[in-house]
Amino acid sequence: MLKRDKKLEKKIARERIVLLMERAFKTDDSDLSRRYVELAMKISSKYRVRIPKEYRNTFCRKCYTPFKSENVKIRLLRGVKTIECLVCGYKKRIPYKLRDIS
């Protein structure tokens, strides 16, 4: 019985996640782009690989819609960045540090 090469599996999974996320943002078909993000999330959870940092906050965690200018609202208020999906209404809040300008 052959042993699985988990490092190779994870490397392939990362490559596929990046490819799927790139395709999700290039296509104009919203259903297809949602499907690409959903597949990337499934690969991520199956092979226990993180979504790359550059794609982590670029889609809705609830409905898998990739954020483009027409379907997202971003607000910065008192050290909290709020990203709101205009498709399903999900809000993600990310804290950030305010810099002192004095």
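Miscellaneous remarks
- Here the condition is being among the hydrophobic types (A, V, I, L, M, F, W, C), farther than 18 Å from Thr27 by Cβ and touching a Cys at 6+ places or on another chain (Cβ under 9 Å); of Ile83, Ile94, Ile51, it holds for Ile83 alone.
- Strands (runs of 3 or more DSSP E) contained entirely in region 20-102, each with at least 2 residues that are surrounded by fewer than 17 Cβ atoms within 10 Å (Cβ to Cβ) and of a type in the set (S, T, N, Q): none
- Test for Ile12: is it without any contact (Cβ under 8 Å) to a residue 60 or more places away in the chain and touching a strand residue (DSSP E or B) at 6+ places or on another chain (Cβ under 9 Å): no
- As for region 4-17, it holds at least one residue that is modelled with pLDDT of 95 or more, assigned to a helix (DSSP H, G or I) and under 17 Å from Phe67 (Cα atoms).
- Against the numbered list (1) closer than 22 Å to Glu38 by Cβ; (2) in contact with a Gly (Cβ under 9 Å, 6 or more places away or on another chain), Pro95 comes up short only at (1).
- Residue list for region 19-39, filter: within 15 Å of Lys62 (Cβ to Cβ) and among the hydrophobic types (A, V, I, L, M, F, W, C): Val37
Yes or no, residue by residue, for (1) of a type in the set (Val, Ile, Thr); (2) closer than 28 Å to Leu8 by Cβ:
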site	(1), (2)
Leu39	no, yes
Lys42	no, yes
Arg50	no, yes
Tyr55	no, yes
Cys60	no, no
Phe67	no, no
Val80	yes, no
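The values are calculated or read from the model by the stated rules, or taken from the named source; none is laboratory data. Note that the coordinates shown come from a computational prediction; the quantities given were computed from them, not determined experimentally. Backbone-built Cβ (ideal geometry, glycine too); neighbour counts: all protein chains shown.
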